[in-house]
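Right, one structure below, let's go through it.
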Amino acid sequence: MTTQDITHVLAGITGPGGVLTGEDVSSRPAGIWRSDTIAAKAIVRPRDTAEVAAALKACNDAGQSVIAQGGLTGLVQSAITKPRDVMLSLERMNRVEGVDRINRTMTVQAGVPLQVVQETADEHGLLYPLDLGARGSCTVGGNISTNAGGNRVIRYGMTRD
């Protein structure tokens with residue numbers, strides 16, 4: 001499958017604005033700690049888990065490599081791409097879906113910034129204890145995937161605790 005073919009398939013899954021190519025990809029910084037830009041054939045930007053699943057299935061069926069991207073604030077260098085890769089960006093998955101005060105839980109999409117999670121918890125009389133200097137740009141999906149510790153790790157533990 002050609003680059004044009006896979007981007008067309010992914011655009012059909014994610015809708016308008018869901019796939020970036022060309023200069024829209026190469027002009028994006030590769031991370032806050034890096035001086036280079038993203039090298040990928042496309043960035044697919046799903047809006048929900050159903051679109052993530054469909055995009056990943058399409059890429060798998062085509063033998064297309066995929067690299068997931070959160071806020072690109074991490075130090076673990078887990079979002080490094082090559083020109084042949086498709087980057088899966090969670091930037092449009094940025095909604096708080098619900099807060100349950102009784103059970104003290106929140107349901108959020110993976111691309112929600114940590115600061116939004118903290119503020120939403122506070123508005124409902126809850127505490128989301130993870131805190132990082134990059135709270136305004138790091139995402140909860142990235143925090144979970146890297147098991148971030150942050151400024152309050154001694155008192156509250158790591159993200160997955």
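Results, tabulated for the structure shown:
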read-out	value
Binned Cα-Cα distances of the stretch 3-89, short to long, each 10 Å bin given as a whole percent	18, 54, 26, 2
Nearest-ten-degree value, helix 114-123 long axis tilted from longest Cα axis of the chain	40
Residue (of A55, V44, A110) at the positive-pole extreme of the chain, dipole from beta-carbon charges	A110
Karplus (6.51, -1.76, 1.60) ³J(HN,Hα), θ = phi - 60°, over the stretch 142-153, in Hz, Gly and Pro reported as x	x, 4, 5, 5, 9, 6, 4, x, x, 5, 10, 4
Nearest-20 debye value, the chain charge dipole, Cβ charges on Lys, Arg, Asp, Glu	280
Selected from L72, L90, L56 as most flexible by GNM, with the chain as the system and alpha-carbon contacts under 10 Å	L56
The chain - share of DSSP beta bridges that are antiparallel (%, nearest 5)	55
Inter-label distance, nm, simple model (7 Å from Cα along the C-beta direction), T105/A68	1.9
Length added when fully stretched, D5-W33, from 0.36 nm per residue minus Cα-Cα	6.8 nm
Amide H partners (placed H, <5 Å) of V108, local residues excluded	E97
Most positive-pole-ward Cα, M93, A68, G157, against dipole of the chain from beta carbon charges	G157
Helix axis angle, 3-14 relative to the chain longest principal axis, alpha carbon, degrees	40
Assigned charges on the beta-carbon of Lys, Arg, Asp, Glu; the stretch 27-91 dipole about Cα centre (debye)	160
Trypsin sites (Lys or Arg not before Pro) restricted to DSSP loop in the stretch 91-161 with at most 12 other C-beta within 10 Å	R101, R104, R160
Cα-based equivalent ellipsoid, the stretch 96-156: semi-axes from gyration tensor eigenvalues, Å	18, 14, 10
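Every number in this text was worked out from the coordinates using simple rules, so none of it is lab data. This one's a predicted model, so the numbers in the text were calculated from it and none came from an experiment. All Cβ positions, glycine included, derive from the backbone under ideal geometry; neighbour counts span all protein chains shown.
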